[in-house]
Amino acid sequence: MHNDASKGSGLIRGRFGEGMSEVMEQINASIGFDRRMAMQDIDGSVAHVTMLCEQDIISQADATAIKDGLEVIRGEITSGTFTFSVELEDIHMNIESRLRDLIGPAAGRLHTARSRNDQVATSFRLWVRDANDRALALVHQLIEVLVEQAAQNTATIMPGYTHLQSAQPVSFGHHLMAYVEMFGRDHGRLLDARARMNESPLGAAALAGTSFAIDRDRTAELLGYARPMRNSLDAVSDRDFALEYLSAASLCMTHLSRLADEIVLWMSPQFSFIELSDAWTTGSSIMPQKRNPDAAELVRGKVGRVHGSLFGLLTVMKALPLTFSKDMQEDKERTFDGADTFELCLKAMIGMVGDMKARATEMRAAAGAAHATATDLADWLTRELGMPFREAHHITGRLVRLADEHGCSLDELSLEDMRQVDARITEDVFAVLGVEDSVTSRRSLGGTSPERVAEQVEEWRARLQQAPTTD
């Protein structure tokens, strides 16, 4: 944001006799975007002045006046009556200037034992921690709606794909539970990020600490931080907390994009696996028959914005010497936009998944196409006839070719047809050639049988009851 040598604000110009150029003022000011940290800045100031008073660094009267004034400002900002000034550069100087208007010279004591470097780092950490908490709650909610959709579709059969080619039949519930696992890992990453960002830089001052007898543990406690940061240089120069949040958000956005892409495919007439209501689709300006999955497409498209926020901030930070450089003012807009986009996409996906209706008949028909139970046939040959799997694979391939020549599915071949390929095949083989039989048989841990999917659902329901949202 700004260091203490900044020369724009009249509150801190001191040694500078001339004003800024217009262009310098434009490139230097950040109030246009950092006003979003107003509440966090006020919270940090309240904690700081409370500690200063408790340590007998400022008087009780000054502390009370400062805190009362800050609460007036909080109300003005909340109600929209606060006047933001570009000339005052950032949210921190805007608030301090207004505080001086309200309570006079006592406002100047607020900045005792504090620099804008640790002030900004504290406010920004608080803002990112709040964003991280919002994301945790939304990911938790997304997992919940996915689990409930899976619970309703444990026995709904669909094609499983590799290379987007029909491979083996699976349960639709099982497919949705795969996304539960992905978003579960995302939830864990956000929790991990929160634990590391939950340290207070307040009290590091400009870069070297302060000679005042401050209590950094107390301000950390007042702000809900787990502890103070241990090194003053690191405290004012670190932006890992924003990078780690954006990293977790970027990976979660990748998962959102994969699910969004499948929703687009599933809604197409060529698939017709699901329906979405008017709440999550749009029409065409020229083709009245169309229902477009625009919400899913927009989620898929917006992943680039969050990835861009991450890589933009990585680039800003990649070669900065310790401690503060004005380059770091570029951290806010990227993080704000990344967080806004991430939260919006999570909300959209929660809505779409909750709204989604499976078309079980169409899914079942597609699951039975393209000889989807060929692997079950090869497994049966291996298990029941004692063949090496490679031999069973070869025989199954010949049977698939025979079915293609007859224009039928594997389970529509006659026993005589099958015995032309291998005389050892018995009528028992037909017990594994139906898609329901295939799905039901896959009872291994993590498998797609309805029984296993129902177990996964119950396990996740229990986990969701216990899942923390903060460290």
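The values are calculated or read from the model by the stated rules, or taken from the named source; none is laboratory data. Computed from a prediction, not measured in an experiment: that's the story for all the values here. Cβ placement follows ideal geometry from the backbone for every residue including glycine, while neighbour counts extend to all protein chains displayed. SASA here: full protein model, heavy atoms, side chains in, ligands and nucleic acids out. Shrake-Rupley method; radii C 1.70, N 1.55, O 1.52, S 1.80 Å.
Quick notes on this structure:
- The gain in end-to-end length when the A365 to T83 segment is fully stretched comes to 95.2 nm, 0.36 nm per residue minus the alpha carbon separation.
- Viscosity 0.692 mPa s, 37 °C: Kirkwood-radius Stokes-Einstein D of region 91-230 over Cα pairs, µm²/s: 173
- Dipole check for the chain: with +1 at the C-beta of Lys and Arg, -1 at the C-beta of Asp and Glu, and the Cα centre as origin, the magnitude is about 820 Debye.
- Rg(Cα) / (2.2 N^0.38 Å) computed for region 161-309, rounded to two decimals: 1.57
- Using a cut-off of 32 Å between Cα atoms, the listed pairs K67/K347; K67/K332; K302/K326; K67/K318 include K67/K347; K67/K318 as exceeding that distance.
- Loop trypsin sites (Lys or Arg not before Pro), region 393-471 (other Cβ atoms within 10 Å of the site Cβ: 16 or fewer; DSSP): R424, R443
- Principal axes of region 65-172: Cα extent on each, largest first, Å: 75, 26, 25
- Kirkwood hydrodynamic radius of region 33-97, Cα pairs, Å: 12.3
- Residue-by-residue Karplus 3J(HN,Hα) for region 318-329, coefficients 6.51, -1.76, 1.60, Hz, glycine and proline x: 5, 9, 8, x, 5, 10, 9, 9, 5, 3, 5, 4
- In the chain, the calculated helix contribution to ellipticity at 222 nm averages -20000 deg cm²/dmol per residue, counting -39,500 (n - 2.57) for every DSSP H run with n ≥ 4.
- 5 Å-binned pair-distance histogram of region 238-393 (Cα, whole percent): 1, 8, 13, 12, 11, 10, 9, 9, 8, 7, 6, 3, 2, 1, 0
- Counting only Cα atoms, the size of the chain along its three principal axes is 100, 52, 38 Å, in decreasing order.
- Kirkwood hydrodynamic radius (C-alpha pairs) into Stokes-Einstein, region 119-159, 25 °C and 0.890 mPa s, D in µm²/s: 193
- Between region 108-124 and region 40-80, the alpha-carbon center distance in angstrom: 12
- Pairs of alpha carbons in region 316-471 separated by more than 19 Å make up 71% of all such pairs.
- Only helices reaching 30 angstrom along their own axis (Cα) with mean Kyte-Doolittle hydropathy no lower than 0.5 count here, and for the DSSP H runs of the chain these are 240-267, 294-317.
- Note on region 263-346: with charges restricted to the Cβ of Lys and Arg (+1) and Asp and Glu (-1), its dipole about the Cα centre is near 220 debye.
- Computed from the C-alpha gyration tensor, the three semi-axes of the ellipsoid equivalent to region 327-370 are 42, 13, 4 Å, from longest to shortest.
- Reported to the nearest whole Å, the Cα centre-to-centre distance from region 407-471 to region 300-325 is 45.
- Pairs of Cα atoms farther than 14 Å apart, region 179-257, %: 66
- Region 287-344 - Rg over Rh from alpha carbon coordinates, Kirkwood radius: 1.25
- Take the Cβ atoms of D278 and Q152, set R0 to 25 Å, and the FRET efficiency comes out at 0.70.
- Estimated translational D of region 387-453 in µm²/s (Stokes, Kirkwood radius over Cα pairs; 4 °C; 1.567 mPa s): 98
- DSSP bridge orientation in the chain - percent antiparallel, rounded to nearest 5: 80
- Alpha-carbon Rg/Rh ratio, for region 348-418, with Rh computed the Kirkwood way: 1.21
- Relative contact order %, the chain, counting alpha carbon pairs below 8 Å whose residues are six or more apart: 18
- Solvent-accessible area assigned to carbon and sulfur over the chain amounts to 50 percent, based on a 1.4 Å probe.
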